[in-house]
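The values are calculated or read from the model by the stated rules, or taken from the named source; none is laboratory data. Because the structure is predicted, anything quoted here is derived from the model rather than measured. Here the Cβ positions follow ideal geometry from the backbone for every residue, glycine too, while neighbour counts run over all protein chains shown. For accessibility, only protein heavy atoms count, side chains too; no ligands or nucleic acids. Shrake-Rupley method; radii C 1.70, N 1.55, O 1.52, S 1.80 Å.
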Amino acid sequence: MRYFIFSDIHGNLEALEAVLAILSREKDCIPVCLGDIVGYGPNPRECIQAIRDRNILSLVGNHDHAAIEEMDISYFNPYAKEAVLWTRSILEDSDVEYLRSLPTIRTLGNMTLVHATPCNPEAWNYLFTLFDAQSNFKCFDTRICFVGHSHQPIIIIQKPGGECWVHPHTAIGIKKDQRLIVNVGSVGQPRDGNPHAAYTIYNEEEGTIEVFRTPYEHRKTQEKMKRHGLPDYLIERLELGR
Ligand code: ZN
């Protein structure tokens, strides 16, 4: 089986469409979305619709939670807060209902799927360091855990003794005794210096995982954000990938 895994769309329809176009050409690939369908971008409703129409298995992210008023946003930075409030103002009841129906964490075959971290997923912690990874390997039983949330692709490996390290590439042939935590990056707001939309393919039979990137019409997204009066900082970061 092959899995097509992506995360953090953030209401960016152009980026999502670019990724879904690639998905439509992939044969026998199960798509999975790790959450944050909305927040920041100008098309939250259309992004929800696109995921729903294709029956894509999805999890909920912190911005999805915030948009349906399931969490306190006082700790959000001012830009994120402004975008969340704007998103709240345009979502319809059916969108809210859909986001509310999404699980926080689930397993699928030998994978754990979660937006933030397998330990305490609703604390919405970030997984940046090897130290963060080490404790998180204790919180799932499957071989691989796929996460999003930081918008930065990374592959972290654990050996049977518990030793962890960061894989120096975003593609890997998995060795028998390894367990992995894989951050699949972001579709709609990459923050690793590469503005292209990210998606990951996990080939279970071959034991390979690779994070891919695709360009999209970010100027179109930026123009829409300007029209809706969304913060300049959020508009500019799309072309920088920061
Ligand atoms: Zn996000």
Out of Glu205, Glu210, Glu223, I need the residue that is at pLDDT 95 or above, assigned to a loop (DSSP other than H, G, I, E, B) and open to solvent by 20 Å² or more (accessible area, probe 1.4 Å). Which one? Glu205
Within the stretch 77-85, is even one residue within 12 Å of the ligand (Cβ to nearest atom) and in a loop (DSSP other than H, G, I, E, B)? no
Among Tyr79, Tyr75, the single one that is aromatic (Phe, Trp, Tyr) and in contact (Cβ under 8 Å) with a residue 24 or more places away in the chain is Tyr79
Selected residue [at pLDDT below 95, under 16 Å from the mean Cα position of the chain (by Cα) and within 12 Å of the ligand (Cβ to nearest atom)] from Gly39, Gly61: Gly39
Answer residue from the stretch 43-62, given it is part of a helix (DSSP H, G or I) and open to solvent by less than 20 Å² (accessible area, probe 1.4 Å) and is nearest to Ile105 (Cα to Cα) among those: Asn62
Starting from residues that are open to solvent by 30 Å² or more (accessible area, probe 1.4 Å) and not in a loop (DSSP other than H, G, I, E, B), keep the ones in the stretch 154-199 and report whichever is farthest from Thr129 (Cα to Cα). Gly173
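Rundown of residues vs (1) loosely packed, with under 14 Cβ neighbours inside 10 Å; (2) in a helix (DSSP H, G or I), yes/no style:
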residue	(1), (2)
Asn136	no, yes
His149	no, no
Gln152	no, no
Ile201	no, no
Arg219	yes, yes
Leu234	no, yes
Conditions (1) within 16 Å of the ligand (Cβ to nearest atom); (2) open to solvent by 30 Å² or more (accessible area, probe 1.4 Å); (3) not small (Gly, Ala, Ser); number of the one not met by Leu127: (2)
Return a yes/no flag: does the stretch 39-58 have any residue that is touching a strand residue (DSSP E or B) at 6+ places or on another chain (Cβ under 9 Å), among the hydroxyl-bearing types (Ser, Thr, Tyr) and in contact (Cβ under 8 Å) with a residue 24 or more places away in the chain. yes
Anything in the stretch 63-87 that is surrounded by 15 or more Cβ atoms within 10 Å (Cβ to Cβ) and of a type in the set (A, V, I, L, M)? List them, or say none. Ala66, Ala67, Ile68, Met71, Ile73, Ala80, Ala83, Val84
